[in-house]
Amino acid sequence: MHYFQFNIGDYRAATAHLSNEEDLAYRRLLDMYYDTEQKIPLDTQWVARRLRVGTQVVEAVLVDMFEKQEDGWFHARCEEVIKQYKEFAEAGKRGAAKRWGNKGVTPPNGEASSPPNPPPIATINQELITTNDIKVANATPDLGKPKSVPSAPIQEIVELYNTILPELPQTIVVNESRKRAISARWREVVTADKLDRQGGLDFFRWFFEMVKTSKFLTGKSKDWKADMDFLFNPSKFPRIIEGTYHKEQK
């Protein structure tokens, strides 16, 4: 997983005793844990090289903030967040299959599958704590039918695009034409699936992640790549969702 909610206040309270170097090591250890969705390996020298932090610093932080187990260094909050992420991703996978007529993307190995990492991804109260102080967050998402169609969070969608797809032309100017295109695609999605604001944002996070897996759209197969205007074009948008631009990867 590449995204998790970061609570600055909670993090500051949990790490106030760390030195600047230890704080850097802790942040990088958390990133490694979430990125690999696995415990931190026991080989601390290898971990330190990967994180570009001193071995002694890494070992001190692991002992302080993690729990050593037979198969790696365990972090309770990371495991809870990853578990919830997988549960919601699986639920979203079933929803996406139902929404788009069970049309999937065919990956390079030729085995049919649904689009990668479909929504919804839960909004989780990310309170960074040690294993000595475990708190379980209530992360049940409310994807029920909203009372009205929520306004399109245009700037947040643009930021998701720029963050998830740095290999594509970055969107700097958000003019009226782009605002209309984004708003139109937003209304199509949240109306068809009866999503609330967070559910809509989760969909577009999945949408951009799906684009990222296409060699064609990201310029890896031809001397061309998509941009924001292409992705939100009314005729291209459903074809991207259906996996049309992934077919060259069969």
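No lab work stands behind these numbers, since they all come straight from the coordinates. Keep in mind it's a predicted model, so treat the numbers as computed, not measured. Cβ sites come from the backbone with ideal geometry, for glycine too, and all protein chains shown count toward neighbours.
Annotations
- Net length gained if the chain between Glu159 and Ser235 were fully extended (0.36 nm per residue, minus Cα distance): 25.1 nm
- Placing dummy labels 7 Å off each Cα toward the beta-carbon, the span from Lys220 to Arg187 is 3.6 nm.
- Amide H contacts of Phe74 (H built 1.01 Å from N, under 5 Å, at least 5 apart or other chain): Glu67, Lys68, Gln69
- Stretching Glu87 away from Val149 to a fully extended chain increases their span by 19.7 nm, per 0.36 nm per residue minus the current alpha-carbon distance.
- Cα gyration tensor shape of the range 3-43, rounded if a/c is under 1.5, else prolate or oblate by comparing a/b with b/c: oblate
- Taking 7 Å steps out from each Cα toward its Cβ at Val63 and Ile8 produces label points 3.3 nm apart.
- Taking 20 Å as the limit for the C-alpha separation, the pairs Lys215/Lys236; Lys194/Lys225; Lys39/Lys83; Lys222/Lys247 exceed it in the case of Lys194/Lys225.
- Estimated FRET transfer efficiency when R0 is 22 angstrom, pair Arg52-Glu79 (beta carbons, to 0.05): 0.30
- Using the Cβ-Cβ distance between Glu37 and Lys194 with R0 set to 25 Å, the FRET efficiency from 1/(1 + (r/R0)^6) comes to roughly 0.25.
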